[in-house]
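The values are calculated or read from the model by the stated rules, or taken from the named source; none is laboratory data. Being a predicted model, the structure only gives us computed values, none of them experimental. So basically every Cβ, Gly included, is an ideal-geometry build from the backbone, and we count neighbours across all protein chains shown. When the accessible area is computed, the model is the full protein with side chains, heavy atoms only, and any ligands, DNA or RNA have been set aside. Shrake-Rupley method; radii C 1.70, N 1.55, O 1.52, S 1.80 Å.
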Amino acid sequence: MTTTNTTTTTQFPPPKVLTYPSSTPPILITQGAEGRLYKTTYLSPSIPCALKYRPPKPYRHPILDARLTKARLSAEAKVLERCWREGIPVPAVYAVDTSAGWMAIEWIDGPPVRAGINEWLGDPPEVEQDGGHQQDKKKENADEDEGEAPMVDLMRRIGLAVGRLHNLAGVVHGDLTTSNMMLRPPLDGGDAAQGKAGKALEGEVVLIDFGLATQSQSDEDRAVDLYVLERAFLSTHPRAERLFGEVLEAYRGSFKKAASVLVKLEDVRMRGRKKSMIG
Ligand SMILES: Nc1ncnc2c1ncn2[C@@H]1O[C@H](COP(=O)(O)OP(=O)(O)O)[C@@H](O)[C@H]1O
Ligand SMILES: [Mg+2]
């Protein structure tokens, strides 16, 4: 998935900032609909950073395009800064150049939560043995199943992170998925007591990709945020479906008004079901 510098520069021109002499050539990490993400360094070759770049869109009017890029990028940087100030785990913002369409943010040196969960789901020996279905049932009945504990714990950390985002920062993310969360590895190398499978789920949950985030304190907006996460989670990790409830339970416990958000979530789900029935 990663691309070398040579390919990067020949295929797409990088932003000017990445063409300055540097001892660490930028690496293209992802190429999304809205922009690209490079791994590079900030100020010193020993400080890795993620550079999020929104290239000009040739099909848009240049003035409108520049204005849109500026507004979106500065909104994203502002939200990140607000979260960071409130102590929500998000990448720190190092530098922003809205006119050139990029921002440099702290590099999170871990896998996306999606990858951690997939590794965990593929790894438990009991699932590998016979297609997994019966084993899943067995797990359902065994609440204290040690094998599941790391996943339950991760689900709770996710619920807590979202609760703190909503409550402390007053921010709704707008695109909560397991790809927009990373697992920052523990500094001490992790819990030696955890098995190999549990290791995939270790680390601090760091929220990323605030391109669609807004300030809001409303139950409705918060409930929609949770609904987006629920839908994304169930379609990305259908085999972990039964564990999603742990996210909501941790969210419930994370702030006083969370309970009313969860009541609202019922309405949002109902609307979602009606809409999918009508088509
Ligand atoms: N701060 C970061 N540190 C490390 N990797 C990152 C960072 N931010 C984003 N990424 C990686 O790049 C991908 C795309 O970034 P994201 O902010 O989600 O942009 P997009 O709007 O294209 O989805 C992420 O899914 C993640 O794998
Ligand atoms: Mg993303």
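The set of residues in the range 104-119 that are more than 10 Å from ligand 1 (Cβ to nearest atom) and out of contact with any strand residue (DSSP E or B) (no Cβ under 8 Å at 6 or more places or on another chain) comprises ILE117, ASN118, GLU119. Between PRO26, PRO56, the distinction of being open to solvent by 40 Å² or more (accessible area, probe 1.4 Å), more than 16 Å from ligand 2 (Cβ to nearest atom) and modelled with pLDDT of 90 or more belongs to PRO56 only. Criterion applied to ALA95, ALA75 was being within 16 Å of ligand 1 (Cβ to nearest atom) and more than 18 Å from LEU212 (Cβ to Cβ), and the one residue passing it is ALA95.
Among the residues of the range 215-269, those identified as open to solvent by 70 Å² or more (accessible area, probe 1.4 Å) and not in a helix (DSSP H, G or I) are GLN215, GLN217, LYS256, LYS257. State yes or no: is LEU51 outside the structural domain of ASN180 (by TED's automatic domain parsing), modelled with pLDDT of 90 or more and not in a strand (DSSP E or B)? Considered against the rule, which asks whether it is outside the structural domain of ASN180 (by TED's automatic domain parsing), modelled with pLDDT of 90 or more and not in a strand (DSSP E or B), LEU51 comes out as no. Looking only at residues in the range 76-120 that are among the polar types (S, T, N, Q) and either at positive phi or not assigned by TED's automatic domain parsing to the domain that holds LEU212 (or both), the one that is least open to solvent (accessible area, probe 1.4 Å) is THR98.
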